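Scroll down for the structure; my scribbles are underneath it.
None of the figures in this text is laboratory data; all of them are computed from the coordinates on show. As the structure is a prediction and not an experimental result, all values here were calculated from the model. Please note: Cβ atoms are built from the backbone with ideal geometry, for glycine as well, and neighbour counts cover all protein chains shown.
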């Protein structure tokens, strides 16, 4: 993986004749596609694709239509990634758990967005090799870059679709082409899909609102009315989703939680500590975490000459203004992310997800248009360092949870065992456990062998056998009684413990109230 960015850097600084080096151009594009495939095909390593949105796929398979999201209420309107996966499974006569189908689907998400941005940048940069290099390097520059998270839906897919839609706006905003009716027809499906797939696409609405305010300040909004139209359309889609799912209440509670962190840390003067979202990250070698900081320093370095230019009261170009505007937007999210780590577990991923793709797009446009030719070599060296730091972070590793959390992602072995055991549980017995909220008994699985922890993945098996077929009234696997059934009781004296199943590294026990 570390060879890929170095090869891209070498390609970017190589002087090539675009008309005669067709072989080199083809090789470079193959290299880019291979890079995207690596991050989109992690499920091939596990042998199965089973993630949180799998519950919604199971829901559709069992009922023949989508009722509500078993994963979470904020996906209730239409989890389009799950719906698309089910459609593809029917078309290909494959299962929804197929790692091959997932890898193809997720790679296409990344490849389509990459090619769209690359085509937009290529005409601006004037160099095939330079455009390809800066596009892919920028999209791999941070551990929370959507391209790195292709195999962990749905948030990265929502952000990729959002930035793909935004690329049409940026091309017209920079004056490279007029915004036409055909652009609307392409953008509307992208916007609709992005805003419905994941609620963090609210970042797109906020970013568009910031651009509209900037255009109004420059008195150019009348010239670029299409930006306002796109913003209004995005607002309508998003708030229709909010009204349907009642996500507004949950979001308000989340904002209140963030505010409480700030109040406790500053006004109440309580001792505050910085915590990572994944506590296991703090036990990693510090070099593995440098990727979370290098891009921020790189962006600050690029902003320095622009700031000096502004202090000298020289006119900033449109691209420079968009870059600074995006940097302020990104910085606000980064600061908020930092504040969430005061006194609790950081929600940095959830927050930066809302700003990262738009900063990457602004970075690509800035590097493509305003960096002097003699400075490209040095500019790309520092960007390359940021990418290398990102690729040694836990987020870029195929088994990204194994190192920081001491546990591997669900594998095909876990999938087979979980479904085999759960399928043996009597439906009436499980209904009794659910109706008593686990008081009459519990079902517990322990890993009894092996040095490395594995994720059994029995949650989706419960969805498959009991929730989706409506054996119990639970609407989600987050239902408190569902969770109680699989939780060890605090006091085991009132239970008879029966070992009922053994497979691979697991032992399965049924606790029955005496």
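Counting other beta carbons within 10 Å of each Cβ, put 207, 46, 90, 464 in order, fewest first.
90, 464, 46, 207
Counting only Cα, what are the radius of gyration and maximum Cα-Cα distance Dmax of segment 15-141, in Å?
18.5, 58
Taking each pair of distinct Cα atoms in segment 474-514 once, what is the resulting Kirkwood hydrodynamic radius in Å?
Computed over Cα pairs of segment 474-514, the Kirkwood hydrodynamic radius comes out at 11.8 Å.
May I ask for log10 I(q)/I(0) of segment 72-140 at q = 0.16, 0.24, 0.25 Å⁻¹, from a Debye sum over the Cα atoms as equal point scatterers with solvent left out?
Log10 of I(q)/I(0), two decimals: -0.71, -0.95, -0.99.
Normalise the Cα radius of gyration of segment 104-247 by 2.2 N^0.38 Å (N = residues in it) and let me know the number.
Expressed relative to 2.2 N^0.38 Å, the Cα Rg reads 1.06.
Would you mind ranking 232, 387, 510 so that the residue whose beta carbon has the fewest other beta carbons within 10 Å leads the list?
232, 510, 387
I'd like to know how segment 410-513 sits against the 2.2 N^0.38 Å rule of thumb: what's its Cα Rg over that expected value? Don't skip to the end; give the middle numbers.
Values: Rg = 13.2 Å, N = 104, 2.2 N^0.38 = 12.8 Å.
Computed over Cα atoms of segment 410-513, the ratio equals 1.03.
Could you put 71, 224 in order, starting from the residue whose Cβ has the fewest other Cβ atoms within 10 Å?
So the ranking, lowest neighbour count to highest, is 224, 71.
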